[in-house]
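Notes follow once the structure below has been shown.
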Amino acid sequence: METRVEIADFEDWRDLAGEAVDLLRAGEVVALPTETVYGLAADALNEEAVAKVFSVKGRPSFDPLIVHLHGWRDIKKVAEVPAEIEDAVRALTQEFWPGPLTLVLPKKPEVPDSVTAGLPTVAVRVSAHEVMREVAKQVGPIAAPSANLFGRISPTSVAAVLAELDGKIPLVIDGGACREGLESTIIKIEPGEKQPLITILRPGPITREELRKFGTVKKARPAKKGETIEVPGQTASHYAPNAQVVILEKDQEFTPEEGKSYALLSYRGDSKWEEAHEWIAQEALSPGSGKLAEAGVRLFHLLRKLDDAKPDIILVEPLTETGVGVAMMDRLRRAASKEA
Ligand code: TXA
Ligand code: MG
């Protein structure tokens, strides 16, 4: 199959969204831009289309998909909002939607079990990208995981989508580089004694600090043996380039291993490691300025770029775990947990 790439310009993005709408209504899957990463979209209520998403990505069926809505009012098409958390859901969505916050809510029977991997809950968000929102307005709820092969780095540009899915899907809409560059924050909300309890299931662009205004925030605890996992699909080895990723310790001296080639990903480009070796490739997340937001936007792009130089190992300078640094270190640790 030939994959068409259409560039969404200021003037014609509505027409292009229309082309995606036609394909989605016909049960096809297409790659669409969002503000976080590119998504591989299908009509969430069409079981066959959803099955295509899993087969194109090579994604295991136990990993549930996020459903993208046009707006707040569409929640009821796919999910229930329990009365005891309704105020919290309203406040959070008013503040962060459209935007990179995903809520896990009890699912409605209309949502195929394949979307939610058989869970009684469904993950929903309203993307801030006009193309994804327009498509969700016209087609209805859109299931869309990141548009990469399973276990690989999420794509933040069309080049990254095509590197893995060229020839496998009929259409990619090019909305430029994603402005967040990291997947949405996923939360679960429960009633608490004084205020709602917000559990972060996946850290992302909406930070713990920002969520604190809306309740007591906690991090999902890793499941113990025999327990059902609270964060399905968050397998340790995820977001992995071909090279082995190794996160450096703050004070670590670098000694190369004989016969191994190394690339370096540093924060500002002024680390003590810059000159420690003749790296086969070298990049800085936020050159000179050291801004976490800039680093977040560039993280996946630079991991791909370094991987293209085919090093055995990509060494990464550790980041401060505040704000969006939490999400970045989460992705880096998952990348690093891949077997060599
Ligand atoms: O920013 C994003 O969220 C991007 C864009 C395309 O919207 N999407 C994305 O989807 O990152 P994906 O498939 O790569 O990650 C979805 C993850 C699953 O792996 C799982 O961890 C979580 O969302 N998830 C989905 N449904 C869930 C549920 N019912 N309960 C708990 N977690 C769920
Ligand atoms: Mg993904």
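Just to verify a result, which residue in segment 155-168, among those that are assigned to a loop (DSSP other than H, G, I, E, B) and touching a Gly at 6+ places or on another chain (Cβ under 9 Å), is nearest to ligand 2 (Cβ to nearest atom)? Quick ask: steps written out before the conclusion?
Just the residues of segment 155-168 that are assigned to a loop (DSSP other than H, G, I, E, B), to begin with: 155-157, 166-168.
Of the ones still in play, those that are also touching a Gly at 6+ places or on another chain (Cβ under 9 Å) are 156-157.
Numbers: Thr156: 12, Ser157: 15 Å.
Among them, the one singled out is Thr156.
Kindly indicate whether Ile142 is within 19 Å of the chain's Cα centre (by Cα), buried (at least 23 other Cβ atoms within 10 Å of the Cβ) and away from ligand 2 (no atom under 16 Å from the Cβ). Spelling it out, it is not the case that Ile142 is within 19 Å of the chain's Cα centre (by Cα), buried (at least 23 other Cβ atoms within 10 Å of the Cβ) and away from ligand 2 (no atom under 16 Å from the Cβ).
From the list Ser114, Ser127, pick out the single residue that is closer than 29 Å to Met329 by Cβ, touching a residue at least 40 places away in the same chain (Cβ under 8 Å) and among the polar types (S, T, N, Q). Steps first, answer last, please.
Values: Ser114 fails: closer than 29 Å to Met329 by Cβ.
Matching residue, one of Ser114, Ser127: Ser127.
The single condition among (1) closer than 15 Å to Val158 by Cβ; (2) within 16 Å of ligand 2 (Cβ to nearest atom) that Val30 does not satisfy is (2).
With a cut-off of at least 2 residues that are hydrophobic (A, V, I, L, M, F, W, C) and touching a strand residue (DSSP E or B) at 6+ places or on another chain (Cβ under 7 Å), name the strands (runs of 3 or more DSSP E) lying wholly within segment 169-220.
By residue number, 171-174, 185-190, 197-202.
Within segment 36-48, residues that are closer than 12 Å to Ala143 by Cα and within 8 Å of ligand 1 (Cβ to nearest atom) reach partners that are among the charged types (D, E, K, R) and at pLDDT 95 or above with beta carbons closer than 7 Å, at six or more positions or on different chains, in the pairs Leu40/Lys57. Within segment 61-80, no residue that is over 15 Å from Gly140 (Cβ atoms) and among the basic types (Lys, Arg) sits with its Cβ atom under 7 Å from a residue that is part of a helix (DSSP H, G or I) and near ligand 1 (Cβ under 10 Å from one of its atoms) at 6+ positions apart or across chains.
Check every one of the helices (runs of 4 or more DSSP H) wholly within segment 1-114 and list those with 1 or more residues that are within 17 Å of the chain's Cα centre (by Cα) and within 23 Å of Gly175 (Cβ to Cβ). Before you say what the answer is, go through the steps one by one.
Details: elements: 13-25, 47-57, 75-78, 86-96.
By residue number, 47-57, 86-96.
Whether any residue in segment 226-240 is surrounded by fewer than 17 Cβ atoms within 10 Å (Cβ to Cβ), at pLDDT 95 or above and more than 16 Å from ligand 1 (Cβ to nearest atom) is what I want to check. Scanning segment 226-240, I find no residue that is surrounded by fewer than 17 Cβ atoms within 10 Å (Cβ to Cβ), at pLDDT 95 or above and more than 16 Å from ligand 1 (Cβ to nearest atom), so the answer is no.
Before we move on, is Ala128 assigned to a helix (DSSP H, G or I), among the hydrophobic types (A, V, I, L, M, F, W, C) and more than 9 Å from ligand 1 (Cβ to nearest atom)? So that I can check it myself, show each step before the final result.
Details: assigned to a helix (DSSP H, G or I): no; among the hydrophobic types (A, V, I, L, M, F, W, C): yes; more than 9 Å from ligand 1 (Cβ to nearest atom): yes.
Spelling it out, it is not the case that Ala128 is assigned to a helix (DSSP H, G or I), among the hydrophobic types (A, V, I, L, M, F, W, C) and more than 9 Å from ligand 1 (Cβ to nearest atom).
The values are calculated or read from the model by the stated rules, or taken from the named source; none is laboratory data. All of these numbers come straight from a predicted model, not from anything done at the bench. Backbone-built Cβ (ideal geometry, glycine too); neighbour counts: all protein chains shown.
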